[in-house]
Amino acid sequence: MEDAYGDIRGLRRPVHAGDVFSRRHPKMERLNRAKLFAPFAALSGFEGAVRAKEVPYVPRRLLDAQAQRALDRALRRLCEAAGRGGAQARVEYFEVCADIHHEAFGRDGLYHTITGAVQRVDPARQVLVVGGRVIPFADIGDIRISEEAGE
């Protein structure tokens, strides 16, 4: 069997100095050459999706009667304090998973804590507004009213 590349196998790399080829195809800078060998992400967004699956969603905690009464008292105190010019509070609330690709979607979620000025307590709409965040009463797990509000 005859070697198809036998005539060029022993040749050295061609040198293009000032010829037509070198003018049309200038030598690439070393930093730009490195970009050619950078990792290729065939599945863009895949790593983010994997990280999203690692979020430790938890089921909503059900409050017992005593905890519910304490929460109701705190909401009444916040209502009164809002009428007198406002209050500062730390509110723990539940946020349901909104990632439609996660098995926790619409069922489990995360507990967050926000501390700030209570802007509004709306018993008719059943919402509390703290630091610009609208929190439904049903999602509140705990409220701590700061000393400035008369605790």
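The values are calculated or read from the model by the stated rules, or taken from the named source; none is laboratory data. The shown structure was predicted, so the numbers you read here are calculated from the model rather than taken from an experiment. In this analysis, Cβ positions are derived from the backbone assuming ideal geometry, glycine residues included, and neighbour counts consider all displayed protein chains.
Kindly check whether there is at least one residue in region 106-126 that is touching a strand residue (DSSP E or B) at 6+ places or on another chain (Cβ under 7 Å), touching a residue at least 24 places away in the same chain (Cβ under 8 Å), in a loop (DSSP other than H, G, I, E, B) and among the acidic types (Asp, Glu). Steps first, answer last, please.
First pass over region 106-126, keeping only residues touching a strand residue (DSSP E or B) at 6+ places or on another chain (Cβ under 7 Å): 106, 108-121, 126.
Adding the requirement that they be touching a residue at least 24 places away in the same chain (Cβ under 8 Å) leaves 108-111, 114-121.
Imposing the further condition that a residue be in a loop (DSSP other than H, G, I, E, B) reduces the set to 108.
Retained after the next criterion (residues that are among the acidic types (Asp, Glu)): 108.
There is at least one residue in region 106-126 that is touching a strand residue (DSSP E or B) at 6+ places or on another chain (Cβ under 7 Å), touching a residue at least 24 places away in the same chain (Cβ under 8 Å), in a loop (DSSP other than H, G, I, E, B) and among the acidic types (Asp, Glu).
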Exercise. What residue, of Ala49, Ala34, Ala41, Ala87, is over 30 Å from Thr115 (Cβ atoms), modelled with pLDDT under 95 and touching a helix residue (DSSP H, G or I) at 6+ places or on another chain (Cβ under 8 Å)?
Worked result: Ala41
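Within region 13-58, restricting attention to residues that are of a type in the set (Phe, Trp, Tyr) and under 30 Å from Phe105 (Cα atoms), which residue is surrounded by the fewest Cβ atoms within 10 Å (Cβ to Cβ)?
Of all residues in region 13-58, those of a type in the set (Phe, Trp, Tyr) come to 21, 37, 40, 46, 57.
From what's left, under 30 Å from Phe105 (Cα atoms): 46, 57.
On the way: Phe46: 10, Tyr57: 17.
Filtering region 13-58 for residues that are of a type in the set (Phe, Trp, Tyr) and under 30 Å from Phe105 (Cα atoms), the one surrounded by the fewest Cβ atoms within 10 Å (Cβ to Cβ) comes out as Phe46.
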For this session: Could you give me the residue pairs with C-beta distances under 9 Å whose first residue belongs to region 29-58 and is over 11 Å from His102 (Cβ atoms) and without any contact (Cβ under 8 Å) to a residue 12 or more places away in the chain, whose second residue is part of a helix (DSSP H, G or I) and not β-branched (Val, Ile, Thr) wherever it lies, and which are 6+ apart or on separate chains?
Result: Ala41/Glu47; Leu43/Ala49
Problem set entry | Residue match in region 140-150 (condition: part of a loop (DSSP other than H, G, I, E, B) and farther than 30 Å from Gly48 by Cα) | yes
Exercise. Failed condition for Val134, given (1) touching a strand residue (DSSP E or B) at 6+ places or on another chain (Cβ under 9 Å); (2) surrounded by 14 or more Cβ atoms within 10 Å (Cβ to Cβ), with all others met?
Worked result: (2)
